[in-house]
Structures are given as structure tokens and as C-alpha cells.
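Nothing in this text is a laboratory measurement; each read-out follows from the coordinates by a stated rule. The structure displayed is predicted, hence computed values, not measured ones. Here the Cβ positions follow ideal geometry from the backbone for every residue, glycine too, while neighbour counts run over all protein chains shown.
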Amino acid sequence: MAQGAAGVVDTRRHGGKPHAVVVAYPLQGHVIPVVHLALRLAARGFAVTFVSTEAVHDQTARALGVDPDGYDPFAAARARAQEEGPPPPPLGDVSYALVSDGLPVGFDRSLNHDDFMGALFHALPAHVEQLLRRVVVEPRATFLVADTFFVWPATLARRLGIAYVSFWTEPALIFNLYYHIDLLTQNGHFRCNEPRKDTITYIPGVAAIEPSELMSYLQETDTTSIVHRIIFKAFDEARSAVATSMWAESDCSRWLDAQPVGSVLYISFGSYAHVTKQELREIAGGVLASGARFLWVMRPDIVSSDDPDPLPEGFAEAAAGRGLVVQWCCQVEVLSHAAVGAFLTHCGWNSVLESVWAGVPMLCFPLLTDQLTNRRLVAREWRAGVSVGDRGAVRADEVRARIEAVMGGEDGLKLREQVKKLRGTLEAAVASGGSSRHNFDEFVEELKRRCGGR
């Protein structure tokens, strides 16, 4: 059972197992892959302490309608592992720990982004260090796993005498571009008053990329913000059964069951990013004009926490009978439903992978950070989707045209065939003997060697 600030579930000596302390970056898109990693490590014989923030814990519990006090998101995984028993090693050896990020639990982190980033930079490290000093029993048998965008874990691990694993949760292309910030600067594409606009051809491993396809932080001329300092510092250092949703999910299955195969456009812009009211008005107009059935995830704060009902007046009446608007849903289940024929997405990396795995082509409307570069992968390199709003402001007529192209006709068929091929590539990678499985096996063995061969 999770306790209060910096509380932990279990401080036992881990029964001789190597001990992984896994720290999740407190945004849903980052939490999901870290939870998956924690469970996979537990399944391979590691004792895991999973560290989350009190704010994420509180929001996740309330989304599920449970009391945050005593809530443990790994309880279901532990219970199922105990029922099934070994082999494989039980998934239940995951302790759950909470720390403060330095801000009150009820503080609006989405609306006050810079304050939130500042707290992760300045306050969170001290709380994590306090926790680590209590749970690290055998430094030689312990390692710290943390998101690459945390800037302090390497220093903290050195101070405590434990190994450190930097966990990257975005495409390798994004890592490569951030890693070569100095090259972008030297060539005048970044950190200058008037950045060059010509094609970038000098990044090792990247054939060519347009400046407009760079991550949003690399397209800004003012690089003095706390977010930029965090990114630069991070790359100086770098050189599921568990509930992870931070919003209450609606069950859309009955509505989807009543729709024809491939007829529904699924729309979601993720758990954190925002759109303007004008962008929302244009998208809504395009969706209505397309005539497509749709399931639209509309977070209450998608425009602003102060504007919980941002859709244009009359939209609900105009869409009656062919559209469903919900605050949140289980995206994996929705994308896997036969009724879903396309996905209008912000191109968060989790969303991209989930769409490919479900065989659903994408309409790409990136909003910030890596999403711009992810769109390039989807639309230009993989040809598994199309761009929306790629020449400036999004327009209703463009949205309509893109929906019609992807949901029907020859272009849509080609996209679906390409997505199926991509899924086949993913399946091969994670299958026994596949590249992803092989690399993870080697990673696990290396960790065990570093932890004394346990």
C-alpha cells in the first residue's frame, strides 16, 4: 500500500534480487512506457521500486474513481501474478513509492507549464534523493532507471554509488537530433536570431530533414526558457495491466459496436497538449463537413482549464446520430475496434505506435515538441498517414479533404496496406529471436552482471 509523501510500499532487502528503482517522468505519455519497462524487469527477476509523483498518483486514482489513499496501481498485476505463479518470475515484485514534485497536488500543471518544469528541475531531485537513501540497501545490486529528460539522475546516482540507466521514450530520430544540437547551432539552424530555412543534410544518420520538421523546441529563437535549459542539460548528461490513465475513461464499446466496419474517425490530441479555440473550430467544421462518423476525445482542458466546453455552438446538434464526444477513453481498445478506420492524432509517440499496432492510418496534426518530427516519420518516411495543417494554420476545408481521402478511396487503401506492413515489422521485432527481444535480453543480462551476477 502506497503511503504519503516519499512513502514506499516495501523496504525489504529484495531477497537477493537485483533492485531497479524506476522513476517515471510525470506526464502520461512518459508514464506508460516506464510502467511497461518496470513490469518487464519484474518478470525477468528484478525487484522493482516504481517511483511516481503524488500529483500523478492523485489524478490517476481519481480518474478510476478510487480513494487515492491506499491506492496501488500495481495491485492488479501482483494479484494476477500470485494466481498464475512461476514460471515466469512473478510480476508482483514491484513496490510503489510516492514523492512530491514540489508543487501542491491540486496545482494546475498544464496551465502553469513553466512552474511545473521548474519544479521538476529544482524540487523533485531532492525528494527522489531522500527516497533513494531509504530504499537503497545494497548499492552494488541497485540501479536507477529514469527518463532521459530528467537532468539530475546521473549526478544523483554517482553520489549514491549506484548504476544509472537513461530511458528514452521517443523515436531514435528525435534522440539523434537533440544529440546533435551543436551541429545545428554551428550551421545556423538553431540558437540564432534568424535561423536558416534550407534543408538540413549534415546530421549523421539523417538523410535530410526540413527545419519545419524539427521538434518545436528546436524551432524557437528564444532558447532561455526553463524547458530549453532542461533539454540542453539532459543531453549533456546523455551523450499494460497497470492503470496509467490520468483521466476518467468512458466505455465506448457499445457505441462502436453499432457502427459499420472502418467507418469511424477517432480523434484525440493526447493527455497534455493544447489547441487554440480557432484550431478547434476549424477541425470541428472539417469533421462535420466530411460526413464521417467520429469518436472525439475532448479533455476538459484541451483549450484551457477555464474553458471546459470549447466546441463551437451547435456542434452537438449538427453531429447528432453520427458522433460521440467523451472526456477520455482507453485508446488501445478504441484503436483495436473494427469500426475505427482512421485516427486524427497529435502524433505523440505512444499514439503513433498504438495506431500502427492496431493497423489504423493517421491524420497527423502535431502540436508541440517531438510531435512535429513524429509526423515526418508517419507521413513522409513510413507513408502511414497524411499531414493536416502542415502549411500553417489548420483550415476546415483541408480537414474535410484529408478525412475523405483517408477514410475512403484508393489513397485510404494504400495507407492501410502500408500500416499493415509496419505492424508486421513491429511483430517481427518483438517476437522470439526478433531484434527488440534480443536487445532487451542483452540489456537484462548486462544489468545482472553489473549487479553482481544475481
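Please compute the modelled spin-label separation between residue 309 and residue 130, points set 7 Å along Cα→Cβ, answer in nm with one decimal.
4.3
What's the FRET efficiency of residue 113 with residue 175 using the Cβ-Cβ distance as r and R₀ = 25 Å, to the nearest 0.05?
The pair residue 113/residue 175 has a calculated efficiency of 0.65.
Long-range amide H contacts for residue 206: which residues qualify at under 5 Å (H placed 1.01 Å from N, peptide plane, sequence gap of 5 or more or a different chain)?
It is none; the list stays empty.
Arrange the peptides 133-140, 63-70, 349-356 so that the one whose residues have, on average, the most other Cβ atoms within 10 Å appears first.
Per-residue mean Cβ counts within 10 Å order the peptides as 349-356, 133-140, 63-70.
How much FRET efficiency would the formula 1/(1 + (r/R0)^6) give for residue 137 and residue 212, where r is the Cβ-Cβ distance and R0 is 51 Å, rounded to 0.05?
0.50
How about residue 448: which lysines have a C-alpha closer than 27 Å to its C-alpha, ignoring those fewer than 8 places off in the same chain?
17
For residue 387, which sequence-distant residues (separation of 5 or more, or a different chain) have an amide H within less than 5 Å of its own amide H, given hydrogens modelled in the peptide plane?
364
What order do you get for 34-40, 23-29 when each peptide is scored by the mean count of other beta carbon atoms within 10 Å, highest first? Can you show the working numbers first?
Working: 34-40: 20.0, 23-29: 22.7.
Going by the mean number of other Cβ atoms within 10 Å, highest first, we get 23-29, 34-40.
Going through segment 301-387, which trypsin sites (Lys or Arg not before Pro) have at most 15 other Cβ atoms within 10 Å and a DSSP loop state?
322
Are there trypsin sites (Lys or Arg not before Pro) in segment 155-197 that DSSP marks as loop and that have at most 14 other Cβ atoms within 10 Å, and which are they?
Of the trypsin sites (Lys or Arg not before Pro), the ones in loops of segment 155-197 whose Cβ has at most 14 other Cβ atoms within 10 Å are 196, 197.
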